[in-house]
There are 2 protein chains.
Amino acid sequence: MRRRTTPDAGRRSEASRHAILTAAFELAGEVGYAKLSVEGIAARAGVGKQTIYRWWPSKGAVLLDAFLHLSEGDGGESDGGESDGGESDGGGGMALPDTGDLEADLKLVLRATVDEFADPRYDRPLRALTIEITNDPALAARYAERLDGPMKEAKKARLRAAQEAGQLPAGLDLDVAVDLIWGPLLSRWLRRSGPLTHAYADAVVETALRGLYAR
Amino acid sequence: MRRRTTPDAGRRSEASRHAILTAAFELAGEVGYAKLSVEGIAARAGVGKQTIYRWWPSKGAVLLDAFLHLSEGDGGESDGGESDGGESDGGGGMALPDTGDLEADLKLVLRATVDEFADPRYDRPLRALTIEITNDPALAARYAERLDGPMKEAKKARLRAAQEAGQLPAGLDLDVAVDLIWGPLLSRWLRRSGPLTHAYADAVVETALRGLYAR
């Protein structure tokens, strides 16, 4: 929450900023979290280490801005921002698909997320960012505000449309509903506690919608 | 998966081992992941750094053994192993409560987990361990085998009892069911994406059991 777009942003070299964010994302995808360093990012971007520390307090902060950069569509070097409703799409303009078939739409979105997690170029940077968030409440707050918040609003908007169509009960707690649909996938991915497949994505959507109790 | 109980285990000083595992757990609870170091653990345990590296490859491996040590009941310095069905109870002998009321039993277990996550002495070491697992597939495999596996079996055993009592359908995929019940809590905790309260635990259990669709 410390760094904001301030008047000194105008003094920054946008070319350097772009190079640093691209380098951070690509390097995280290649070497993973443990080997990612500010030094490595600086070397790949062709800037001095101090240039990075002037703008960002940590490698986690650089990575978060790299994801924001991609999600705002001014990046584009990776697949991270392409798939429909994947976790990487966090811009204010994002929306989940709405064909009127909630179950099919959610399966599409969760399958796209499974595909992203299966791609090291995306899995590793997001894993690195998530580790920093797990470990850094200030970064978590900025992530919630800038990336996860807009994403969650998009998810809730899709569920709200289903409420209005009478497919979900009006009294449903949408925050709990979002966690119920996306939490299993995120938890399994982060903790590496089981295989992530399209079949798993489908089963989570079906079970979340219908519930565990026999009908 | 590399380190096992081998014949050289007999040569270890059990007092040193106990001191190291206790120091790792307590220090992680006090300073958190970023500041946890093998040096710090060694200093607190009153052993040389090389003693630790002789037995464990990383601070994550020490922490995992600290949790195993506690769950096996030969520790006991912290609250980590006390609550019913909390994530810390991973020993082979653990079982979830079974009063016949599945919903009440699951709420009890999830509320206990919420309480553990609210206690820095437990939250910080488990967060530190989870970061290492996120980052280290070999440690994740050992965690799955020794700690998460037995825990998951206990969860599935409780759900199987509910199946046998006709409360859950016979065809239910129990792996998906476990993720649906525990995934939202774990995901919200790890990503710091919302408040963790007893009310949230209750809502997750109710919604997972009944499903999102209107009945």
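The values are calculated or read from the model by the stated rules, or taken from the named source; none is laboratory data. Being a predicted model, the structure only gives us computed values, none of them experimental. Methodologically, a virtual Cβ is constructed for each residue, glycine included, from the backbone with ideal geometry; neighbour enumeration extends over all protein chains shown. In case anyone asks, the SASA skips ligands and DNA or RNA and just uses the protein heavy atoms, side chains included. Shrake-Rupley method; radii C 1.70, N 1.55, O 1.52, S 1.80 Å.
Quick notes
- Residue check for B:ALA141: within 12 Å of chain A (Cβ to nearest Cβ), open to solvent by 30 Å² or more (accessible area, probe 1.4 Å) and either assigned to a helix (DSSP H, G or I) or among the basic types (Lys, Arg) (or both): yes
- Flag if B:THR134 is assigned to a helix (DSSP H, G or I), modelled with pLDDT of 90 or more and surrounded by 18 or more Cβ atoms within 10 Å (Cβ to Cβ): no
- Meets criteria (in contact (Cβ under 8 Å) with a residue 60 or more places away in the chain, out of contact with any helix residue (DSSP H, G or I) (no Cβ under 9 Å at 6 or more places or on another chain) and within 26 Å of B:ARG127 (Cβ to Cβ)) for A:GLU145: yes
- Counting the residues of the stretch A:165-214 that are more than 7 Å from chain B (Cβ to nearest Cβ), at pLDDT below 95 and in a helix (DSSP H, G or I) gives 1.
- Residue in the stretch A:70-78 that is modelled with pLDDT under 95 and part of a helix (DSSP H, G or I) present: yes
- Test: residue in the stretch A:153-172 that is under 19 Å from B:LEU196 (Cα atoms), in contact with a helix residue (DSSP H, G or I) (Cβ under 9 Å, 6 or more places away or on another chain) and among the basic types (Lys, Arg): no
- Sole exception among (1) closer than 30 Å to A:GLN167 by Cβ; (2) open to solvent by less than 40 Å² (accessible area, probe 1.4 Å); (3) of a type in the set (Phe, Trp, Tyr) for B:PHE117, by number: (1)
- Test: A:TYR53 is modelled with pLDDT of 80 or more and within 20 Å of the chain's Cα centre (by Cα): no
Rundown of residues vs (1) open to solvent by 10 Å² or more (accessible area, probe 1.4 Å); (2) free of Cβ contacts under 8 Å to residues at least 60 places away in the same chain, yes/no style:
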| residue | (1), (2) |
| --- | --- |
| B:GLY149 | yes, yes |
| B:LEU159 | no, yes |
| B:ASP175 | yes, yes |
| B:ARG191 | yes, yes |
| B:THR197 | yes, no |
| B:VAL204 | no, no |
| B:LEU212 | no, yes |
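- Among residues of the stretch B:35-50 being within 23 Å of B:ASN135 (Cα to Cα) and out of contact with any helix residue (DSSP H, G or I) (no Cβ under 6 Å at 6 or more places or on another chain), the one that is most open to solvent (accessible area, probe 1.4 Å) is B:LYS35.
- Tallying residues that are outside any helix (DSSP H, G or I) and touching a residue at least 60 places away in the same chain (Cβ under 8 Å) within the stretch B:34-64 yields 2.
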